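Reviewing the structure listed below.
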Amino acid sequence: MSDSPVDSSKRTWIITSACAGAVGGVATAVPFVSSFQPSEKAKAAGAAVEVDISSLKEGEKLTVEWRGKPVWIIKRTSEQLKDLPSLDGELADPKSERHPDEFTPPYARNENRSIKPEVLVVVGICTHLGCSPTDKFQAGPQPSLPSDWKGGFLCPCHGSTFDMAGRVFKNKPAPDNLQVPPHMYLSDTKILIGEDKKTA
């Protein structure tokens, strides 16, 4: 028994509609699913940042942005490095043992908190409530600082103080030292911030 012309045209219409619906569904689904992928801007925001420190002089600071955060690169003086061990008794976490995986990578778990003693790389955000501390590199008495100040950083929001290795002083609102971001040297004068493992 053969189909009537009406049944045949109905079937054709249903098949055509179903195909058009499937094509429309795919056309709608592709942009929707691809919206879950990070944008190029988001990928760039999380990307590692290469920094040339060849012109950085002793006592100077360079600020770069990584993942929307300020990262400070400071070339410390020999005097500033010499003073670091004498501060251990005044610091809340002198050996960076508190939350090391979050704040201090293994290669920075030393007194200088750095790969090279003279160059400090830290995220410039206070670990209390996220303010950005100000530079107080000059040693000696200053407003809001002790009379025997050796240099470091002062958070203007709630008074937390950090030494020249980014270590927080005792009895301050900030619970932890400043974060040392993942980083590595590409050469003597180039640092890659955001990555610390060489890939083959």
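The values are calculated or read from the model by the stated rules, or taken from the named source; none is laboratory data. In this text the structure is predicted, and so the values were computed from the model without any measurement. Glycine also receives a Cβ, built like all others from the backbone with ideal geometry; neighbour counts cover every protein chain displayed. Calculation scope for accessible area: heavy atoms of the full protein, side chains included, ligands and nucleic acids excluded. Shrake-Rupley method; radii C 1.70, N 1.55, O 1.52, S 1.80 Å.
For the stretch 118-200, what % of the accessible area comes from carbon and sulfur atoms, probe 1.4 Å? With neighbouring chains kept in place, the figure for the stretch 118-200 is 52 percent. All Cα-Cα distances of the stretch 55-165, cut into 5 Å bins from zero to the largest, leave 2, 11, 21, 26, 25, 11, 3, 0 percent in each bin in turn.
In the structure displayed, which of LYS170/LYS190; LYS95/LYS197; LYS82/LYS172; LYS170/LYS197; LYS57/LYS172; LYS172/LYS197 lie more than 29 Å apart, Cα to Cα? Long pairs (Cα-Cα over 29 Å): LYS170/LYS190; LYS170/LYS197; LYS57/LYS172; LYS172/LYS197. Computed with a 1.4 Å probe on the full set of protein chains, the accessible area for LYS170 sits at about 100 Å². Mean projected area of the convex hull spanned by the Cα atoms of the stretch 149-197, taken over all viewing directions: 4.8 nm².
The stretch 161-187 and the stretch 139-158 have Cα centres lying 16 Å from one another.
Computed over every Cα-Cα pair of the stretch 42-115 and binned at 5 Å starting from 0, the pair-distance distribution P(r) comes out as 3, 13, 17, 21, 23, 15, 7, 2, 1 percent.
A 1.4 Å probe run over the protein chains yields, for the stretch 54-200, 49 Å² of accessible area per residue, whole-number rounding.
Taking other residues whose beta carbon is less than 15 angstrom from the beta carbon of THR77, and scoring Lys, Arg as +1 and Asp, Glu as -1, yields +1.
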